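What follows is a single structure, written as structure tokens, with notes after it.
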Amino acid sequence: MTGTALPVVETGCTDAPVLKERGQREVFCGLTGIVWLHRKMQDAFFLVVGSRTCAHLLQSAAGVMIFAEPRFATAILGDRDLAGLADCNDELDRVVGELLARRPDITTLFLVGSCPSEVIKLDLAKAASRLSVANHGRVRILSYSGSGIETTFTQGEDTCLKALVPELPTATTNAPALLVCGTLADVVEDQFARLFAELGIGRVDFFPPRRATALPSIGPGTRILLAQPFLNETARALVARGATLLSAPYPLGVDGTTAWLRAAADAFDVAPERFASAIAGPAQRARTALARHRATLEGRRVFFFPDSQLEIPLARFLAAECGATLLEVGTPYLDRTLVAADLAALPPTQLSEGQDVEKQLDRCLALRPDLTVCGLGLANPLEAEGLRTKWSIELVFSPIQGYDQAADLAELFARPLNRIDRLRV
Ligand code: SF4
């Protein structure tokens, strides 16, 4: 990795001890990633090979949160399949055949594994290559796991993108090119593309792309800038294809965005004056907009339950840019390399990895934070105890990266606090 960093806190959390817990977890499975992945790759289709529970999860998560032409479905494994009485492969071939005949617009089909398909050991990788041959390569058919046994919430994006990495064409030159990795809302992607152009970074690709047929090429000239902190498997697969991973924080808030852009600027030898002039306007506007919410968040005590793996960069933003006090920052998995810059800039706090939900609830209730960031399942019980909560899933579904979104991100945290303050008045 090459490096750049945020303003480092002298006593940051780089080597801070971590409370590791391996008990009962309260977190979504990786199928959830389909909700934002299908919105991004508009010619791809996600076929979950799962149960009615999986279909229900997707329908309720996606149905409530988005309005779009569906590009996902569930092939339901029935009781006969689960009892091993039916040949699931025949059934899957039939469902895929019908789907592709009905939807000629699909260029890439993901077969997404679930708990049931995993339990009956349905080999979806084999099914994907068999079906690709049957379709004469007309449709790219890939597989990945979104099962709750193997993945949590945002890890579904990691397993999906990792499945795409072998499909990326090899770059024909070693000329430097930037690859921004991790799903970003189109509006955010457009803002970053404009900023990279102003910095003079010529070749910039985003992965995943908006069209699954327009895959970026990769090679020794590729510099990877992660836009999301939960893509360790994908990053590893890209590095194995010759790319270099840039060390950077995540583009949350003003400082986070500046340091993230600077990591790219340094890797592409952008002159400091050019960098300063490109970011000056947007950074200043963002700082002004952010100040409004800082007043609400300053000094507020915040507790993070582990959910999205965005917790450490979000905590860094809340503490360093909004003046909040951190009580505990939980994360499902801690990959110190991928969050190194944010950890170094995180004021001393209790870090925890994994979960033992009852114990963690006890700690939270004893501390009585002003704001608790948690999954949907914990929010109601905590609210019933008189605590204010923020659903972490909202932070994944909302555009929060970049200068123009810095104030919106702060507002997402400030809103529950403003609401209760108004009620008190
Ligand atoms: Fe539930 Fe597993 Fe299906 Fe996820 S994949 S909805 S955890 S059964």
### Query
Over region 151-230, what lengths in whole Å, largest first, do the semi-axes of the equivalent ellipsoid take, defined as the square roots of 5 times the eigenvalues of the alpha-carbon gyration tensor?
21, 17, 11
### Lys, Arg +1 and Asp, Glu -1 on Cβ, resulting dipole of region 149-247 about Cα centre, debye, nearest 20
300 debye
### Prolate/oblate/rounded call for region 275-425, Cα gyration tensor, a/c under 1.5 rounded
oblate
### Message
What's the ranking of 253-265, 103-115, 317-329 by average number of surrounding C-beta atoms within 10 Å, highest first?
### Response
253-265, 317-329, 103-115
### Query
Which value in Å does the Kirkwood hydrodynamic radius of the chain take, with 1/r averaged over all unlike C-alpha pairs and then inverted?
22.5 Å
## Note on the structure
Checked against the positive end of the charge dipole of the chain (+1 on Cβ of Lys and Arg, -1 on Cβ of Asp and Glu, about the Cα centre), the farthest of Val112, Leu326, Phe206 is Phe206
### Task
Could you run the Debye sum over the Cα atoms of region 252-335, one equal point scatterer each and no solvent, and tell me log10 of I(q)/I(0) at q = 0.22 Å⁻¹, two decimals?
-1.02
### Environment charge of Thr159, counting only residues whose C-beta is closer than 13 Å and scoring Lys/Arg +1, Asp/Glu -1
-3
### Message
Rounded, prolate or oblate, given the Cα gyration tensor of region 168-301, with a/c below 1.5 counting as rounded?
### Response
prolate
#### Entry: Mean Cβ neighbour count within 10 Å, used as a protection proxy, ranking 210-219, 397-406 highest first
397-406, 210-219
#### Entry: Net charge over other residues, Cβ less than 9 angstrom from the Cβ of Pro332 (K, R count +1; D, E count -1)
-2
### Message
Net charge within 14 Å of Ile218 by Cβ-Cβ distance, Lys/Arg positive one each and Asp/Glu negative one each, not counting Ile218 itself?
### Response
+3
### Query
Check Thr74: other-chain or 5+ apart residues with amide H under 5 Å from its amide H, H built from backbone geometry?
Val48
### Task
Could you tell me which of Gly386, Trp260, Val187 has its Cα farthest along the dipole of the chain towards the positive end, charges placed at Cβ (Lys, Arg +1; Asp, Glu -1), taken about the Cα centre?
Val187
### Query
Under the definition of Cα pairs under 8 Å and six or more residues apart, what whole-number percent is the relative contact order of the chain?
20 percent
#### Entry: Order by protection proxy (mean Cβ within 10 Å, highest first), peptides 124-134, 334-344
334-344, 124-134
## Note on the structure
Rounded to whole Å², per residue accessible area for region 162-205 with a 1.4 Å probe reads 44 Å²
#### Entry: Spatially close lysines, pair count over the chain: Cα under 27 Å, gap of eight or more or interchain
9
### Query
Dipole size in debye (nearest 20) for the chain around its Cα centre, Lys and Arg Cβ +1, Asp and Glu Cβ -1?
520 debye
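The values are calculated or read from the model by the stated rules, or taken from the named source; none is laboratory data. All figures in this text were calculated on a predicted structure; none of them were measured in a lab. Neighbour counts run over all protein chains shown; Cβ positions are idealised from the backbone, glycine included. Just so you know, the surface numbers come from the protein's heavy atoms only, side chains and all, with ligands and any DNA or RNA stripped out. Shrake-Rupley method; radii C 1.70, N 1.55, O 1.52, S 1.80 Å.
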